[in-house]
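Please see the structure below; I have some questions.
The values are calculated or read from the model by the stated rules, or taken from the named source; none is laboratory data. This is a predicted model, so every value here is computed, not measured. Cβ: placed from backbone, ideal geometry, glycine included. Neighbour counts: every protein chain shown.
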Amino acid sequence: MITLERDSAHALGIRPAVSAVIFDRRGRLLLQQRSDGGQWGLPGGSVEIGESVRSAIQREVREETGLTVAVRRMVGVYSEPALQVVRYPDGNVWHYISVCFECSVRGGELQTCDETLALDYFPLRRLPPTLLANHRVRIRDASTRRGAPFIR
């Protein structure tokens, strides 16, 4: 299980990351059940060296869901240690600085990969109980449809 770490002193370092909020035509949210802890969350991951955040979110969504997306707007930047220092099942701890984007699907078909156990669309009022806490904040921010990005 992936957990939030209260003490950032154990972090191995800071990692830039991205996540995608993708709504279908019925307003349901695409979530990924992650293979590294079994919890549900937004598609996304780390930005690689030499990669822009736009390229990173497009690559991560394609790898984890099979979908090709276009970036519509920035939802926010998330760096607060209480929500962004993460402990993985293998014991590694990272402090993520994450940029969340709302994206629209341009093509592809839903398919899982090694990082994804399942993919499903959920109504905002019926999100899975095992949703990652730090992703819940991003989803709430995205659902406000505010024009200016959040900084948290």
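Restricting attention to segment 6-36, report how many residues are in contact (Cβ under 8 Å) with a residue 24 or more places away in the chain, under 15 Å from TRP94 (Cβ atoms) and surrounded by fewer than 18 Cβ atoms within 10 Å (Cβ to Cβ).
Restricting attention to segment 6-36, the residues satisfying the condition of being in contact (Cβ under 8 Å) with a residue 24 or more places away in the chain are 6-8, 10-24, 26-36.
Filter once more, so that each one left must be under 15 Å from TRP94 (Cβ atoms): 6-8, 10-19, 34, 36.
The next check asks that each one be surrounded by fewer than 18 Cβ atoms within 10 Å (Cβ to Cβ); those that pass are 6-8, 10, 12-16, 36.
Within segment 6-36, residues that are in contact (Cβ under 8 Å) with a residue 24 or more places away in the chain, under 15 Å from TRP94 (Cβ atoms) and surrounded by fewer than 18 Cβ atoms within 10 Å (Cβ to Cβ) number 10.
Got a sec? Which of GLU64, GLU60, GLU51 is farther than 15 Å from VAL21 by Cβ and not polar (S, T, N, Q)?
Values: GLU64 fails: farther than 15 Å from VAL21 by Cβ; GLU60 fails: farther than 15 Å from VAL21 by Cβ.
Only one candidate qualifies: GLU51.
Consider only pairs whose beta carbons are under 9 Å apart and that are at least six residues apart or on different chains; among these, list those whose first residue lies in segment 88-111 and is of a type in the set (Phe, Trp, Tyr) and whose second residue is exposed (fewer than 11 other Cβ atoms within 10 Å of the Cβ) and in a loop (DSSP other than H, G, I, E, B).
TRP94/LEU12; TRP94/GLY13
A further question follows. Select from segment 115-136 the residues that are touching a strand residue (DSSP E or B) at 6+ places or on another chain (Cβ under 7 Å), part of a helix (DSSP H, G or I) and more than 16 Å from THR65 (Cβ to Cβ) and list them in ascending order.
Of segment 115-136, the ones touching a strand residue (DSSP E or B) at 6+ places or on another chain (Cβ under 7 Å) are 115-122, 124, 128, 130-135.
Going one step further and asking which of them are part of a helix (DSSP H, G or I), we end up with 124, 133-135.
Residues satisfying the conditions are LEU124, ALA133, ASN134.
Of the numbered conditions (1) crowded, with 18+ Cβ neighbours inside 10 Å; (2) free of Cβ contacts under 8 Å to residues at least 60 places away in the same chain; (3) polar (S, T, N, Q), SER46 fails exactly one; give the number of that condition.
For SER46, the failing item is (1).
Could you go through segment 138-149 and let me know if any residue there is assigned to a strand (DSSP E or B), more than 17 Å from VAL18 (Cβ to Cβ) and modelled with pLDDT under 95.
Initial filter on segment 138-149 (assigned to a strand (DSSP E or B)): none.
There is no residue in segment 138-149 that is assigned to a strand (DSSP E or B), more than 17 Å from VAL18 (Cβ to Cβ) and modelled with pLDDT under 95.
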